[in-house]
1. Can you find, among Cys457, Val188, Val519, the residue farthest towards the positive end of the dipole of the chain? Put +1 on the C-beta of Lys and Arg, -1 on that of Asp and Glu.
2. Ranked highest first by average number of other Cβ atoms within 10 Å, how do 219-232, 478-491, 392-405, 38-51 line up?
3. Rounding to the nearest 10 and keeping the result within 0 to 90°, find how far the Cα-based axis of helix 464-479 lies from the longest principal axis of the chain.
4. What is the ratio of the Cα radius of gyration of the chain to 2.2 N^0.38 Å, with N the residue count, to two decimals?
5. Using the scaling law 2.2 N^0.38 Å as the reference, what is the normalised Cα Rg of region 364-486?
6. Distance check, please: which entries in Lys268/Lys301; Lys239/Lys271; Lys324/Lys498; Lys406/Lys524 exceed 20 angstrom between their Cα atoms?
7. For region 496-529 and region 465-483, write down the distance between their C-alpha centroids in whole Å.
8. Under a 1.4 angstrom probe, counting protein chains only, how are Leu86, Leu18 ranked by accessible area, largest first?
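The values are calculated or read from the model by the stated rules, or taken from the named source; none is laboratory data. This structure is a prediction, so every number in the text was calculated from the model and none was measured. In this analysis, Cβ positions are derived from the backbone assuming ideal geometry, glycine residues included, and neighbour counts consider all displayed protein chains. Side chains are part of the model used for accessible areas, which takes the heavy atoms of the whole protein and leaves out ligands, DNA and RNA. Shrake-Rupley method; radii C 1.70, N 1.55, O 1.52, S 1.80 Å.
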Amino acid sequence: MAKNNYDVIVVGAGFAGLYMLHNLRSRGFSVRVFEAGGDIGGTWYWNRYPGARCDVESLEYSYQFSEELQQEWVWSERYATQAEILKYANHVADRFELRRDIQFDSHISKMAFDETSNSWTITTADGEATVSRFCVMATGCLSSTNIPAIEGREKFAGGTYHTGSWPHHGADFTGKKVGIIGTGSSGVQSIPIIAEQADHLYVFQRTPSYAIPAYNGPYDPEYERERKANYKNYREEAKNSRSGFLLAINEDMAMDVSEEERQVAYDKRWKRGGLTFLGAFNDLLTNKEANDTAADFVRSKIQEVVNDPDLAEKLSPQTVVGCKRMCVDTNYYQTYNRDNVTLLDVTEHPIDEITTTGIRRDGTEIELDELVFATGFDAMTGALAKIDIKGSNKTTLKEKWAEGAKTYLGVAIAGFPNLFIVTGPGSPSVLANMMPAIEHHVEWISDCINYCRETNCNRVEASSDAEEAWVAQTNELASHTLFPTCNSWYLGANIPGKPRIFMPYLGFQRYLAACEEIVEKGYKGFSLS
Ligand code: N01
């Protein structure tokens, strides 16, 4: 029988891995964290592209497990920069002395469950094997970068970048001809900054995004003081919401009010800025007619900002607003009024090939010095499927998920005992505020492991029936909304060949209640032995 080196192994040292380590360690478990990167921070370690910021307000995108921590940390801006969020993560790691139990530059390539000992053997790419009873995957939802297989992409002789794995030394585009492929959140944030530096910026757009102004700026000290004085209430209110953050969703239905009232409501949200725009009415993501009114409003704003009407038209999305993640921008549409920015529609004229010196499309080559891929991620499943994870009957996770990701609660997988995922597919995760979603999962997983210790159980496993029912419920919830109607990464539609299945569970509050009920019923749907 293999000897356990640790009670729990955690894979990943982003916000999920850091809190998992702290929580388990404070309950007396021995824990080792393996991190592929050279330091902590996960998403915020890798995504160093120009303009990278969070689209959730700083005072909400932060841990709440420690009252001292949330009171002492001072956020400088409404939407913190990548650098500030990484500084915060480092502060947390130092404050709770987390680094001593984290092994960096350690990419996990193999994991196998042993039926006899009920334990996992986890092996790094360097061949170092470690054994533990439990394993927690804190590998992130948006951590496996997607570079599309465009013909000739390896030929390009200039500098190439992906927003999701930006070089630590940065990139200087001064005086350069730069191409950027992709206009999702990463493109929308980086395009205005790159345009300021570059001699010329060519934006290759396949689908335009809806972007709402951030109106970012320094926090008003009085606002911060009030928020912190009432942090408990605000955090509680967010937990009892649909999304885990304070979207202040209006209970009115868009189609129940007059056109004039709708415009007032949209205008108010537009002026407030950020993702709260979608909270203007209750039915924006369930009723296409209602959604059209919000989409028309955003399109009218694009027409107002962009000087050239044809260009404004090209930048105006025709898709369902909110179906793909909305972007939160600073000067995005304004950037297209610059003389050194050219928008190229690759739906009308697709990219033919990447050459050594640029991109060929529509019969001509655009010469480039640098090429940026803002082409997103193999979301929610990519990082897990990359690891050779063998469960109890030697089936790999990749094989199990060949027809689409299936989990129970987004936290456990039938056939993979003693393995937990933080914010996995089947949980609210990316459609909630990630921080409370992470904290909830960490605490739920830690309680479950602790329950096993108290009841002398060596093995905890989700049943196939419970998993099937959960997947059906996740799909059922999505089917009453407009989410399945577009090619979003929530559905896996951005990755050629990836099975289409709506991955996030809709409704944060509903989800927390379901998790609680399962525990109250003695971990219903799990077998513990
Ligand atoms: O990636 P995306 P992202 N040819 O998948 C295009 C979070 N995030 O890194 O829409 C041409 O959204 C693709 O086009 P299309 C946030 O949750 C948050 O920008 O598939 N184009 C799209 O325009 C976000 O949703 C923050 O037609 C191609 C773009 O590339 C998520 O991360 C900041 C192509 C990819 O957009 C992902 O955002 C950044 C091809 N072959 C990210 N392949 C904040 O907190 C893809 N595209 C603010």
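1. Of the options given, the answer is Cys457.
2. Details: 219-232: 12.6, 478-491: 18.1, 392-405: 15.6, 38-51: 21.5.
Ranked from most to least packed, the peptides come out as 38-51, 478-491, 392-405, 219-232.
3. Between the helix axis and the principal axis of the chain, the angle is about 20 degrees.
4. 0.97
5. Values: Rg = 18.0 Å, N = 123, 2.2 N^0.38 = 13.7 Å.
Taking N as the residue count of region 364-486, the ratio is 1.31.
6. Numbers: Lys268/Lys301 13 Å; Lys239/Lys271 25 Å; Lys324/Lys498 17 Å; Lys406/Lys524 17 Å.
Checking Cα-Cα distances, Lys239/Lys271 exceed 20 Å.
7. Between the Cα centres of region 496-529 and region 465-483 lies a distance of 10 Å.
8. Working: Leu86 25, Leu18 0 Å².
From most accessible down to least: Leu86, Leu18.
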